[in-house]
Amino acid sequence: MTVYSPAEGGTGIIGTGSYLPERIVDNETVAVRAGVTAEWIERKTGIRERRYAADHEAASDLATEAAVRALADAGAAPEDLSWIVVATSTPDHPQPATAAFVQHRLGARRAAAFDVNAVCAGFIAALHTASRLLAVPETDGRRGLALVIGGEVYSRVIDREDRRTAPLFGDGAGAVVLGPVSEGRGLLGTGMRTDGRLHGLIGVTAGGSRMPASEKTVARGDHFFRMRGRDVRDFVERELPDAVAGTLDAFGVTADEVDHFVPHQANGEMLRSVAGGLGLTSARLHLPVERHGNTGAASIPLALDDARRRGEPSDGDLVLLAGFGGGMTLGTGLLRWGR
């Protein structure tokens with residue numbers, strides 16, 4: 001069952017930013033260890049290259065860089081922030097929250113900061129959470145801003161010899177600033193659904209309280225990210241069309257009114273195939289996945305910032321977001337672009 005949540009009027013995205021590590025890893029490099037060819041990777045995934053974080057970079061470093069750029073785009077300062085919500089499934093540490101490091105590095109001392117983890121659907125979950133938090137007036141009556149970040153360093157948890165995951169994943173961060181927008185603009189609402197029966201399709205099994213780290217878990221490779229790709233694709237093909245249709249219906253929008261579709265950048269070939277069945281006949285499909293691969297919770301804000309740097313969306317455009325990932329969880333967001 002999907003839970004649809006209408007947003008409070010007048011809150012929208014007022015700035016975007018992104019950061020990709022400097023190291024570019026091409027398909028030829030990945031193919032050697034994964035036992036495939038560069039041509040196979042591009043044909044199966046639509047990915048040509050991905051970025052890997054430097055040895056000194058963690059999720060918070062990437063997230064902070066994206067945050068600085070989003071704040072600059074919004075014309076906002078760190079002290080204007082009331083909330084910082086970081087979506088990540090590859091945090092700096094099990095605790096404290098990666099968001100705390102971001103808050104410290106930004107100097108956003110007024111802001112409360114915390115993480116959310118819905119894997120590749122994490123950005124939608126964070127966007128929903130932050131928008132609801134902004135709907136509650138602060139005690140001094142002011143309307144603060146929220147910084148919503150997706151940041152991942154998947155290169156640290158990928159088995160480079162696993163052909164199902166190594167070709168797909170890269171590192172990066174994307175951020176948006178949420179704040180007051182003019183009437184008729186902003187976030188219309190979000191939708192979220194989870195099917196916990198499918199929790200085994202995606203995950204890292206060791207390192208938590210269920211299976212603490214040990215010599216055996218390391219030897220078995222239990223700390224690597226694993227994914228049952230065919231089953232994940234079946235889930236997306238089965239669930240995404242219904243989630244998109246339900247979201248549009250819940251917020252009184254028809255499919256042909258959507259101007260831009262920004263999905264989680266899971267796999268370019270899969271998304272092109274699935275997008276054709278969504279009925280979004282007038283929507284531009286945004287797929288920068290070929291340049292950075294699957295960056296988990298970072299992929300939607302990365303794609304949004306990529307669109308912004310190309311002059312899209314235009315004021316008044318209707319933008320549909322969709323994320324899907326481990327759990328299995330699927331999230332959608334609908335917003336009328338503009339400040």
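Among the listed residues Glu65, Glu138, Glu79, Glu152, identify the single one that is touching a helix residue (DSSP H, G or I) at 6+ places or on another chain (Cβ under 9 Å) and of a type in the set (D, E, K, R).
None of the others qualify; the one that does is Glu152.
In the stretch 235-249, which residues are under 21 Å from the mean Cα position of the chain (by Cα) and loosely packed, with under 13 Cβ neighbours inside 10 Å?
Answer for the stretch 235-249, where residues must be under 21 Å from the mean Cα position of the chain (by Cα) and loosely packed, with under 13 Cβ neighbours inside 10 Å: Arg238, Asp242.
Identify, from the list His286, His260, the residue that is at pLDDT 95 or above, surrounded by fewer than 24 Cβ atoms within 10 Å (Cβ to Cβ) and closer than 24 Å to Gly10 by Cα.
Answer to the selection: His260.
Does Gly331 satisfy the criteria of being open to solvent by less than 10 Å² (accessible area, probe 1.4 Å), farther than 21 Å from Gly170 by Cα and within 13 Å of the chain's Cα centre (by Cα)?
yes
Need a quick list: helices (runs of 4 or more DSSP H) entirely within the stretch 9-102 having at least 3 residues that are aliphatic (A, V, I, L, M) and out of contact with any Pro (no Cβ under 8 Å at 6 or more places or on another chain).
Those helices (runs of 4 or more DSSP H) span 59-74.
All but one of (1) over 22 Å from the mean Cα position of the chain (by Cα); (2) at negative phi; (3) open to solvent by 40 Å² or more (accessible area, probe 1.4 Å) hold for Gly35; state the number of the condition that does not hold.
(2)
Take Gly252 and decide whether it is open to solvent by 40 Å² or more (accessible area, probe 1.4 Å) and either free of Cβ contacts under 8 Å to residues at least 12 places away in the same chain or of a type outside the set (Asp, Glu) (or both).
Yes: the conditions hold for Gly252.
Taking the stretch 297-319 on its own, how many of its residues are within 17 Å of Thr190 (Cβ to Cβ) and open to solvent by 50 Å² or more (accessible area, probe 1.4 Å)?
Result for the stretch 297-319: 0.
How many residues, within the stretch 202-234, are among the aromatic types (Phe, Trp, Tyr) and open to solvent by 50 Å² or more (accessible area, probe 1.4 Å)?
Of the residues in the stretch 202-234, 1 are among the aromatic types (Phe, Trp, Tyr) and open to solvent by 50 Å² or more (accessible area, probe 1.4 Å).
Quick one: what pairs do we get from the stretch 103-127, first residue touching a residue at least 60 places away in the same chain (Cβ under 8 Å), second in a helix (DSSP H, G or I), C-beta under 6 Å, 6+ apart or different chains?
Every condition considered, the pairs that remain are Ala118/Ala125; Cys120/Gly296; Gly122/Ala297; Phe123/Ala297; Phe123/Ile300; Phe123/Pro301.
On the basis of being buried (at least 24 other Cβ atoms within 10 Å of the Cβ) and at negative phi, does Ile13 make the cut? Don't jump to the end; show me each part of the working.
On the way: buried (at least 24 other Cβ atoms within 10 Å of the Cβ): yes; at negative phi: yes.
So Ile13 passes the test.
The values are calculated or read from the model by the stated rules, or taken from the named source; none is laboratory data. Because the structure is a prediction, the values reported are computed rather than measured. Every residue, glycine as well, gets a Cβ built from its backbone with ideal geometry; the counts of neighbours run over all protein chains shown. Calculation scope for accessible area: heavy atoms of the full protein, side chains included, ligands and nucleic acids excluded. Shrake-Rupley method; radii C 1.70, N 1.55, O 1.52, S 1.80 Å.
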